Amino acid sequence: MDELLKLLKNNAKESSETLAKMLGGTVEEVQQRIDEYERGGIIQGYQAVINEDKLDGAPVTAAIEVKLTAEHAGGFNRIAERVSRFPEVRSAFLMSGGYDLLLFVHGDTLHEVASFVSEKLSTLDGVVGTATHFMLKTYKKNDVLMHVEDETERPKVSP
Amino acid sequence: MLKMKPNAPKSLHSRIAPHVRDIPPSGIREFFDIVSTRDDIISLGVGEPDFATPWHIREAAITALEQGVTSYTSNYGMLSLRREIAKYVARRTGVDYNPENEVLITVGVSEAMDLAVRALVSPGDEVIYHEPSYVSYGPLVTFAHGKPVVVETKKEDEFRLTRKALEKKVSKRTRLLLLNFPTNPTGAVLRREDVEDIAAFVIEHDLIVITDEIYSELSYDAEHFSIVSVPGMRERTIYLHGFSKAWAMTGFRMGFACAPPELTEAMMKIHQYTMLCAPILSQVASIEALKKPEEDIAEMHASYEQRRNVMHSAFVEMGVECFRPGGAFYMFPYIGNFGLTSKEFAERLIEEESVAAVPGTGFGPCGEGFLRCCYATALDEIEEAMTRFARFIGRL
């Protein structure tokens, strides 16, 4: 991955001024490259990494394995794209192995996620079966460790 | 049983060997005590990476511990590690060492430096080294009853060591030259032609070189060139290196020395009676570290380089004179024109802006007028520290 992308992936809030200093270029060059990434769809957006376990009324998240029947034209694409459009679905991946789609679904309550699966997802043409796994605790998300106390005895001054 | 009255000597201080007693306490230690009283500071005062050791290396140590790998090793260190080190050093320097008798594993480069100096210095021998320097070189020579001879490096030369400066200090009693490039605390590097000049000087005066290359992977603007790579130097060089800096393994305490067999054996003799061997878990971790060193180091290298650029730009923008260091992870700005000594400057910087940087005098008297600022610190902390630094000098 390009160094600029790595830096943005690590901290999307880094200013163009700092990025330019870090990489040894001008602010304009950095801005231009970011624009190109955005236009080319390589950068799709910028989001905060939230530790939802710490929120009051943390949302319920489930990983759902979905088995599909492939269609003659387009394989899994049409149905996968359709599933992805539901607002409850936060992430969706086509998988190799024992099932076809892996979904990460959010809801305010366990009941909400359950109704999504039984009333919306499994009633779709092409969905053959589902297996729902509720997530209990997040240890790491988007490269960020969530429950690590950063205590160290590293001295503040050393030779 | 008869109760003995305690019969302590009158003054314990007077019983300490004079050559130990007379060494002043480290300036860094004194500064550490000041900083320790504060928990709200941004510290640019450390001398180690801010990364944890790469995970696969930590995991190798964990696995070894699980398997009960807890014994001594050979005095020289594990042969499998020495083999990997010999391969790595050959790749970096083009110089081949026999892992059987020309590689010694030590507890950090600190121990290796001590062994090398003690093995080669007889009472009264002169040892030349360059200052500002790492804190231990002078004291180690004194502990070995040698005479430290300092060559001052200058900001005008970007703290490079020159043959001209060396010629002024060499005498009939000179036996050794200690080198450390890239340098802690200045971040200075040598160009290939500087290294070749120094090598010619060393050969002409029949000296032996101890070269501490602990920061060699952390060179940013040009490939590091080791003095041991110069033809004719392998025979008169003790090459010291270790895992602390480039692999972020300071706490593992792993260093090594490569040298001709006679010198390696002499060092091993002291090592076997003082240390016996380096800790086996650290040795196992180091074998793992040599499996994909370029990959491990690349990411940290890029990050240090980026932070160097940010800190250097900040000093330039605030009008502080600071050469752009080519290696290690230190910047050595000149603050001698603000009417304060380095120590006063550093103390007020802590007091007024809660930023810690080490006074240059901690690295030798010629560090007066400078501060060592470590950029192995989180980027947002560097930026905040630089904002505060600018505010501070604005008030002076």
Which of rounded, prolate, oblate describes chain A, given a ≥ b ≥ c as roots of the alpha-carbon gyration tensor eigenvalues and a/c under 1.5 marking rounded, otherwise prolate only if a/b is larger than b/c?
-> oblate
Whole number please: convex hull volume per residue, Cα atoms of the protein assembly as shown, in Å³.
-> 248
Over chain B, what relative contact order in percent results from Cα pairs under 8 Å that are six or more residues apart?
-> 23
Report Rg/Rh for chain B, rounded to two decimals, where Rg is the Cα radius of gyration and Rh the Kirkwood radius.
-> 0.98
If the chain between B:His19 and B:Ile270 were fully stretched, how many nm would it gain, using 0.36 nm times the residue separation less the Cα-Cα distance?
-> 88.4 nm
In peptide B:367-379, how many Cβ atoms from other protein chains are near each Cβ within 10 Å, on average?
-> 1
Rounded to whole angstrom, the alpha-carbon centroid of segment B:353-396 lies from that of segment A:1-30 at a distance of 24
Using label points projected 7 Å from each Cα along Cα→Cβ, tell me how many nm separate B:Lys291 and A:Tyr46, to one decimal.
-> 3.8
Among bridges DSSP assigns within the protein assembly as shown, what percent are antiparallel (round to 5)?
-> 65
Taking neighbour counts of Cβ atoms within 10 Å as a proxy for exposure, in what order, fewest first, do B:Arg236, B:Arg83, B:Arg173 appear?
-> B:Arg173, B:Arg83, B:Arg236
Quick calc: nm separation of the 7 Å Cα→Cβ label points for B:Glu156 and B:Arg29 -> 3.6
Assuming a ≥ b ≥ c are the square roots of the Cα gyration tensor eigenvalues, decide whether segment A:53-135 counts as rounded (a/c under 1.5), prolate (otherwise, with a/b larger than b/c) or oblate.
-> prolate
Which entries of A:Lys9/B:Lys87; A:Lys6/B:Lys292; A:Lys6/A:Lys137; A:Lys54/B:Lys245; B:Lys155/B:Lys245 show an alpha-carbon separation above 32 angstrom in the structure shown?
-> A:Lys9/B:Lys87; A:Lys54/B:Lys245
Label point 7 Å out from B:Ala302 along Cα-to-Cβ: which residues of segment A:23-43 have amide N under 13 Å?
-> A:23
Those residues of segment A:77-92 whose amide nitrogen sits under 18 Å from the label point placed on A:Leu55, 7 Å along Cα→Cβ | A:86-92
R0 of 35 Å, Cβ-Cβ distance A:Lys6-B:Phe338: FRET efficiency to nearest 0.05 | 0.40
Taking each residue of B:21-28 in turn, how many C-beta atoms of other protein chains fall within 10 Å of its C-beta, and what is the average?
-> 1
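Taken together, the values in this text are just the output of simple stated rules run on the coordinates, not laboratory data. Note that the structure is a prediction, hence the values are computed from the model and not measured. Cβ: placed from backbone, ideal geometry, glycine included. Neighbour counts: every protein chain shown.
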